[in-house]
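Written out below as structure tokens is the structure these notes cover.
Coordinate-derived values only; no laboratory data. This structure is a prediction, so every number in the text was calculated from the model and none was measured. Glycine gets a Cβ as well: all are built from the backbone with ideal geometry, and neighbour counts include every protein chain shown.
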């Protein structure tokens, strides 16, 4: 990093269950299977605009292991991301892990809870992680944020899974998550 580069702060956004509606089966969230099923939460467009106005970079960080596992096509995921970029032109970047995970013989450093997606974006966009946030809805998001040194805003969606680490703030929806980031960052 050059001496004259200014570091920036970011909000790292999980995708399914944070930006768009997840498909919940047996108490666990799953990604939508097609671009037609890809629906943003109502408060996301306005919330992202508010974060941009506060000078945050917006980076989506998403595990899409179904591609690595062969149950989802990369084309379908990319079509969803085109829809996402169209609805949210304020996004600075989308970081994706397509690996299926260790159980599928695809270990990696980028699959949350590992911090690889955040670290890659931080290096390329010159992001100060201590001044940045992760908005997530699963334990993987909390652990990933902690490993990267970011603060965590957790959206409680009532999934049947436990979290090992606590979030900095727990909220009920994206609008409240944005309010929490803006409150905390202005201190």
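Which of 131, 75, 176 ends up with the largest GNM mean-square fluctuation for the chain, with Cα atoms connected below 10 Å? Result for the chain, Cα springs under 10 Å: 75 fluctuates most.
When the helices in the chain are scored as -39500 (n - 2.57) per DSSP H run of 4 or longer and the sum is shared across all residues, what 222 nm value do you end up with, to the nearest 500 deg cm²/dmol? Mean residue ellipticity, 222 nm, calculated: -9500 deg cm²/dmol. In degrees, nearest 10, range 0 to 90: what is the angle between the Cα axis of helix 116-125 and the longest Cα principal axis of the chain? The helix 116-125 is inclined about 40 degrees to the chain. Extension gain for residue 53-residue 182 works out to 45.4 nm (0.36 nm per residue, less the C-alpha to C-alpha distance). Among 72, 165, 64, the largest mean-square fluctuation in a Gaussian network model of the chain (Cα springs under 10 Å) belongs to 165. Placing a label point 7 Å from the Cα of residue 104 along the Cα-to-Cβ direction, the residues of region 135-172 with a backbone N closer than 18 Å are 140-141.
Beyond 14 Å, what percent of the Cα pairs of region 106-147 remain? Pairs farther apart than 14 Å: 45 percent. Figure the gain on full extension for residue 7 and residue 86 (residue separation times 0.36 nm, minus the Cα-Cα span) and round it to one decimal in nm. Answer, rounded to one decimal: 25.7 nm. As a calculated quantity, the FRET efficiency between residue 166 and residue 75 at R0 = 45 Å, using C-beta atoms, amounts to about 0.75. The angle separating the long axis of helix 139-148 from the principal Cα axis of greatest extent in the chain is about 40 degrees. Taking the chain as a Gaussian network of alpha-carbon nodes connected by springs under 10 Å, the highest mean-square fluctuation of the residues 140, 103, 111 belongs to 103.
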